[in-house]
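Notes follow once the structure below has been shown.
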Amino acid sequence: MDASRAALSRTTRPTRSGNRMEPWIERAVRLAGLSAIFIVALIFIFLIRLSLPALTRIPLSAFGDLRWYPIEERFGLVSLVVGSLLVTAVAVGIAVPLGLVTAIYLGEIAPPWLGDILKPLIEILAGIPSIVLGFVGWVALAPLVQRLGAPTGLTAFTGGLILAYMALPTIISIAEDAIDAVPKSYRDGSLALGATRWQTIYRVVLPAARSGIVTAVMLGIGRAVGETMAVMMVTGNAAHVPRGTSMLFQPVRTMTATIAAEMGEVARGGTHYHVLFLIGALLFLITFAINSVAARLVGRRRTGEGGG
Amino acid sequence: MSAAELVGMSGSMPESVGSSDGAADDLILVQDFSFYYGAFRALENLNLTVRDREVTALIGPSGCGKSTFLRAINRMNDTIRGVRYEGDIRVAGQSIYQADTDVADLRQRVGMVFQRPNPFPQSIFDNVAYGPRVLGLAGDKADVSERTRLALSQVGLWEELGDRLDRPALALSPGQQQRLCIARTLATEPRIILMDEPCSALDPVATLAIEGLMRRLAERYCIVVVTHNMQQAARVSDRTGFFWLGRLVEFGPTNDIFTLPQEKLTEDYITGRRG
Ligand SMILES: Nc1ncnc2c1ncn2[C@@H]1O[C@H](COP(=O)(O)OP(=O)(O)OP(=O)(O)O)[C@@H](O)[C@H]1O
Ligand SMILES: [Mg+2]
């Protein structure tokens, strides 16, 4: 640390020794970047290695089993995947529209003083530990959901609500930054043509902020997919495949919750142990896929700004 | 006082300045107009008449209120907090500062071109089609295309870019971007076009193109242009107004202003001794 700080301060003076430091600084930066990639690759290799035994010991078709009873060597992943999907879908369905509308309100409509109060508050929300939110959901939210007519308050819907709440600050802050970054001259151009404020927001500001908004949504979803503790507390943790019209109001178990709940009790090296790692690898792939899609969407916007 | 009385469609208004040419209509009527940013008075008791089918140039040193005045005519100043006005501005006989004024409708009739070209980050076509689509002027898709083609032809971009309308507008040169912004305004069928230093971000060739365009547009529109360039004002305008510290010091036919200014301030400014 000290050495690098000394190096930096030296380069701020336009001396010859500063010039001599330049290649070293470049090397240091490159090393830092490469090691980040290296670490991610390492984690992935580790996950694959530890999940491979599961794939060799169990036939692939067994993962299609509807039941997850590790004690009976039944490792059906369907209920876990469906549980994750349901909870995430609820979270995204609530958090994305609500987050975007809030961001639009903060960026375009709210008077500046209100924004100055609300924005820090929202950042504080983002800092609440998920276990605390889980607790609140368990104590306060679950009884409410039960009153809606569900057999229990601990359901996919409850988990989705808590996750939506956790994803909201991310979506709001990043989307609001993106809206803020749209030059005033675009708004003026639209208003001066006779467009209303809402038309201007909808047809000029939001399209111009699109790449940032997509990033906001994807990071929000990423947070929802990967979250564990809060979800574990409020979804009921029943590893069965929810069915029918009331599927949202049945207990489910997510992939993350399964890993967190069972990792402590499995025998190291057993089949169950390796299947948990397989679930981890699956989660990694899903998150990776979401990020790739986001990068594609953002990238396309940057290069071909024309579009339709 | 009725609107018809005030606008006097024949141009026989007592307020009209320089009575030599009675054929042009008085389109914008400014009466005792003052404008404040908070406590700061940016415009002081303006009185003038702007005619249809003419180019009116506004000149004056930086900070004298030219842009503020321009933005008062299409009420773009409304987007700034804490502003206040006194007096009145009438466009085509109607006061534009009434409680029931439809500001969006006003801005459609009074277009504006900005100092820096500000096309939307969309395709060339979508930029021009924006107004007709949003304002609901166009009937169907073919109508939108036709209006877009017409507007682009008027600024000479149809010939240059007709086959590349799906390209991003931001990839155009600054001069083309500015002409695109003018086309975007024309597509909303305005009566009046306000231009705030439309050439200050452009090179000399692009500047000449815009100046020629202004002259041609003046056959059909009322054009008010703010400029820091004396030659430009002299080349392009029929009438010139000289602003100084928020006041309109002198206003009249461009020839008179540049050859025999009545006020010492005006003379000093246009000969470069002040400003
Ligand atoms: N949004 C604003 N808030 C407060 N004061 C402002 C604002 N805009 C302009 N002013 C002030 O009003 C006065 C007139 O400004 P304006 O922009 O109309 O001048 P201008 O003649 O267009 O100048 P320039 O030639 O530099 O464009 C200036 O003193 C300026 O500082
Ligand atoms: Mg100005």
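A few points about this structure:
- Heavy-atom accessible area for A:Glu123, with the other protein chains in place and a 1.4 Å probe, reaches approximately 110 Å².
- Residue-level accessible surface for A:Lys119, protein heavy atoms, 1.4 Å, Å²: 70 Å²
- Candidates B:Gln108, A:Ser84, B:Tyr97 compared by Cα position along the dipole of the protein assembly as shown: farthest toward the positive end lies A:Ser84, with charges placed on Cβ.
- Test item: Cα-centred dipole of the protein assembly as shown, Lys/Arg +1 and Asp/Glu -1 on Cβ, debye: 2100 debye
- Solvent exposure of chain A, expressed per residue, is 54 Å² of accessible area, with all protein chains present and a 1.4 angstrom probe.
- Over the range B:3-270, Cα pairs under 8 Å with separation of 6+ residues give a relative contact order of 25 percent.
- Using a Förster distance of 35 Å, the FRET efficiency for A:Ala289-A:Ala62 (Cβ separation, nearest 0.05): 0.90
- Between B and A, accessible area buried - total, square angstrom, nearest 100, 1.4 angstrom probe: 2000 Å²
- Per residue, the convex hull around the alpha carbon atoms of the range A:148-287 comes to 144 Å³.
- Calculated FRET value between A:Ile109 and A:Phe46, using beta carbons and R₀ = 35 Å, to 0.05: 0.15
- Highest-fluctuation residue, B:Val236, B:Val50, B:Val205 considered, GNM on chain B with Cα pairs under 10 Å: B:Val205
- Measuring r between the beta carbons of A:Ser35 and A:Leu85 and using R0 = 41 Å, the FRET efficiency lands at 0.75.
- Label zone (A:Arg74, point 7 Å along Cα-to-C-beta; backbone nitrogen cut-off 17 Å) within the range A:239-265: A:239-243, A:252-253.
- Based on DSSP H segments of at least four residues, each scored -39500 (n - 2.57), chain A has a per-residue ellipticity at 222 nm of -22500 deg cm²/dmol.
- Extreme residue, positive dipole direction of chain B, given options B:Ser173, B:Thr79, B:Gly131 (C-beta unit charges): B:Ser173
- Gaussian network model of chain B, Cα within-10 Å springs - most flexible of B:Asp256, B:Asp140, B:Asp52: B:Asp140
- Helical segments meeting 27 Å axial Cα length and Kyte-Doolittle -1.0 threshold in chain A (DSSP H): A:16-57, A:78-104, A:156-180, A:271-303
- About the Cα centre, charge dipole magnitude for the range B:3-270 (Lys/Arg +1, Asp/Glu -1 at Cβ), debye: 660 debye
- Net charge of the neighbourhood of A:Ile174, taken over other residues with C-beta under 14 Å away and scored Lys/Arg +1, Asp/Glu -1, is -1.
- Among A:Thr196, A:Ser246, A:Ile172 - extreme Cα towards positive end, dipole of chain A, charges at beta-carbon: A:Thr196
- Its relative contact order, with pairs defined as Cα atoms under 8 Å and 6+ residues apart, puts chain A at 24 percent.
- Counted charge near B:Gln115, where neighbours are those whose Cβ lies closer than 10 Å (Asp, Glu -1; Lys, Arg +1): -1
- Note on the range A:61-307: with charges restricted to the Cβ of Lys and Arg (+1) and Asp and Glu (-1), its dipole about the Cα centre is near 520 debye.
- Projected-area mean, chain A, by convex hull of Cα positions, square nanometres: 23.4 nm²
- Pairs beyond 31 Å (Cα-Cα), from B:Lys66/B:Lys141; A:Lys184/B:Lys264; B:Lys66/B:Lys264: B:Lys66/B:Lys141; A:Lys184/B:Lys264
- Mean residue ellipticity, 222 nm, helices only, chain B: the sum of -39500 (n - 2.57) across DSSP H runs of n ≥ 4, divided by residue count and rounded to 500, is -10000 deg cm²/dmol.
- When the Gaussian network model of chain B links Cα atoms closer than 10 Å, the mean-square fluctuations of B:Leu186, B:Leu70, B:Leu208 top out at B:Leu208.
- Rounded, prolate or oblate (a/c below 1.5 giving rounded, otherwise prolate when a/b exceeds b/c) for the range B:3-270 by Cα gyration tensor: prolate
- 10 Å-binned pair-distance histogram of the protein assembly as shown (Cα, whole percent): 3, 13, 18, 17, 14, 13, 10, 7, 3, 1, 0
- For the range B:155-212: rounded, prolate or oblate by the Cα gyration tensor [a/c cutoff 1.5]: oblate
- Accessible-area composition of the protein assembly as shown, carbon plus sulfur, in percent [1.4 Å probe]: 60 percent
The values are calculated or read from the model by the stated rules, or taken from the named source; none is laboratory data. These numbers were taken from a predicted model, which means no experiment stands behind them. Using ideal geometry, Cβ is built from the backbone for each residue, glycine included, and neighbour counts are taken over all protein chains shown. Surface accessibility is based on the protein's heavy atoms, side chains included, excluding ligands, DNA and RNA. Shrake-Rupley method; radii C 1.70, N 1.55, O 1.52, S 1.80 Å.
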